[in-house]
Amino acid sequence: MCADASTDCMTADPLLRYWRIRAGEAEAKYLLAKRRMVDVDLGMDTETLRRMHDSVMLDGSSTGKTPLLDLKKELSKRMLDDCALCERACHAKRASGMAGHCGVLEPRISSEFLHMGEEPELIPSHTIFFSGCTFDCVYCQNHDISSNPEAGTIVSPELLSRRIEERAYTRDKGLSLTRTSIRSININWVGGDPTPNLSFILDTLSKCEANLPQIWNSNMYLTKHAMQILDGVIDVYLTDFKYGNDDCARRLSNVDRYVAILKRNHIIARRQTEMIVRHLVLPSHIECCTRPVLTWIAENLKGVKVNVMGQYGPAHIARQFPELSRPLSPLEFESAIEIAHDLGLDLCD
Ligand code: SF4
């Protein structure tokens, strides 16, 4: 029985719809958005398109000849002329070659493969790593790609969509020595962070047909408008809630207004669809970050899966920050797990 009806928590299984898509009993949201027609002319001005998008998302109507996914794609493309996809809101004219804080211009993919190291519910996950990030985390384990938007290769949406389809339906390699066929059970958009690449992702999905859940694997620093575009496309948010206060966020990831933005977006994400919230436990940050983050989740995101992660080790420039220059101790991790248990959180295995 759901503990709190006010959070749109409909079922006891926090990933019920995800499992139904996997079983072929439901359609991935992006496919529904492709088939849902709306009555708009994509040549209209941006404000009108936004208004129509928001109204269509509210009333659930389906009349016209333009796929809803195309409307979302058009809106996200227009944002590249004045980028406010994330809350840094650089307003960079990325379409004209002017990079913002993340440095991302044309999307580059540093790697894409069937990931076997994600949460058990998600593997094998076709994970697509974009270069560049909206954060500057001093301990980033992927800093070689997150801080270098030029890393990786430019791949067309057509080619990437073919790879998605191949891995979903015809993949028979990787474990071919044992003649085992592996298929991706979802698409996992990550980086760095996927946010600067929203338009490319929607363009890719508009060329796909595979009934695979879409996972948004992100720091969740998106603007409200970007969150609205993701509504009806993403099946599972795989979020990263790191800090319990703005000082730690500013000092370690160079972002402002972190807590308010993360809380807002987690509430929006919860209303939209299913989610798994990750929290990486940082050494010496139990009381300032772990406890308040987990407490907030327990009070506001009832019924979600939570992954309390204990694998922190100093990477990138973490050794310049005294408390981050060592791995997390087993005692600290135990303490984080104890807090989570005391709060009654539903932890990933
Ligand atoms: S996505 Fe990049 S360019 Fe756009 S607002 Fe964020 S940091 Fe700036």
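A short reminder: the numbers here are calculations on the coordinates, not readings from a lab. Keep in mind that this is a model prediction, so the values were computed, not measured. Using ideal geometry, Cβ is built from the backbone for each residue, glycine included, and neighbour counts are taken over all protein chains shown.
Observations, loosely collected:
- Taking each residue as 0.36 nm, the span from His225 to Glu166 lengthens on full extension beyond its C-alpha to C-alpha distance by 18.0 nm.
- Take the Cα of Asn148, step 7 Å toward its Cβ, do the same at Asp54, and the gap between the two points is 4.1 nm.
- Check: segment 65-128 dipole with +1 on Lys, Arg Cβ and -1 on Asp, Glu Cβ, in debye: 440 debye
- Positive-pole candidate from Ala249, Ser156, Trp296, dipole of the chain, charges at beta carbon: Ser156
- Three-way shape label, segment 190-349, alpha-carbon gyration tensor, a/c 1.5: prolate
- Ranked packing of 313-326, 273-286, most packed first, by mean Cβ within 10 Å: 273-286, 313-326
- Computed over the chain: relative contact order in percent, which uses C-alpha pairs under 8 Å that are six or more apart: 17 percent
- On full extension, the segment bounded by Arg35 and Ile182 gains 50.1 nm, given 0.36 nm per residue less the C-alpha separation.
- Using the Stokes-Einstein relation with a Kirkwood hydrodynamic radius computed over Cα pairs, the translational diffusion coefficient of the chain at 25 °C and a viscosity of 0.890 mPa s comes to 118 µm²/s.
- Neighbourhood net charge (15 Å Cβ-Cβ; Lys/Arg +1, Asp/Glu -1) for Asp349: -3
- Residues Ile339, Ile234, sorted so that the one with the fewest Cβ neighbours within 10 Å comes first: Ile339, Ile234
- Cα gyration tensor category, rounded, prolate or oblate, for segment 21-92 with a/c compared to 1.5: oblate
- Dividing the summed helix terms, -39500 (n - 2.57) for each DSSP H run of n ≥ 4, by the number of residues in the chain produces a 222 nm estimate of -10000 deg cm²/dmol to the nearest 500.
- If R0 equals 45 Å, the separation of the Cβ atoms of Met309 and Glu209 corresponds to a calculated FRET efficiency of about 0.85.
- Within the chain, antiparallel bridges make up roughly 30 percent of the DSSP beta bridges whose residues both belong there.
- Between helix 68-78 and the chain: long-axis angle, C-alpha atoms, 0 to 90°, nearest 10: 70 degrees
- Between Lys93 and Leu16, the contour length at 0.36 nm per residue exceeds the Cα-Cα span by 23.7 nm.
- Neighbour counting of Cβ atoms within 10 Å sorts the residues Ser111, Ser76, Ser55, fewest neighbours leading, into Ser55, Ser111, Ser76.
- Anisotropy class of segment 1-122 from Cα gyration tensor, a/c 1.5 cut: oblate
- By the Cα gyration tensor, segment 250-318 has an equivalent ellipsoid whose semi-axes, rounded to whole angstrom, run 22, 15, 12 from largest to smallest.
- Nearest 10 degrees, 0 to 90: helix 157-169 Cα axis against the chain principal axis: 70 degrees
- Segment 116-251 - convex hull of alpha carbons, volume per residue in Å³: 132 Å³
- Each residue of segment 30-47 was assigned a 3J(HN,Hα) from its phi angle through the Karplus expression (A = 6.51, B = -1.76, C = 1.60, θ = phi - 60°), giving 5, 5, 5, 5, 6, 8, 7, 9, 10, 8, 9, 9, 5, x, 5, 5, 4, 4 Hz with x at Gly and Pro.
- Distance from segment 241-283 to segment 104-174 (C-alpha centre basis), Å: 22 Å
- Segment 283-337 - Kirkwood radius from inverse mean 1/r over Cα pairs (Å): 12.4 Å
- Net charge contributed by nearby residues that have their C-beta within less than 13 Å of Ser76 (K/R +1, D/E -1): 0
- Unit charges on C-beta of K, R, D, E only; dipole of the chain, Debye: 600 debye
- Cβ-placed point charges (K, R +1; D, E -1), dipole of segment 1-128 about Cα centre in debye, nearest 20: 400 debye
- Each of Trp19, Trp189 has some number of other Cβ atoms within 10 Å of its Cβ, and from fewest to most they run Trp19, Trp189.
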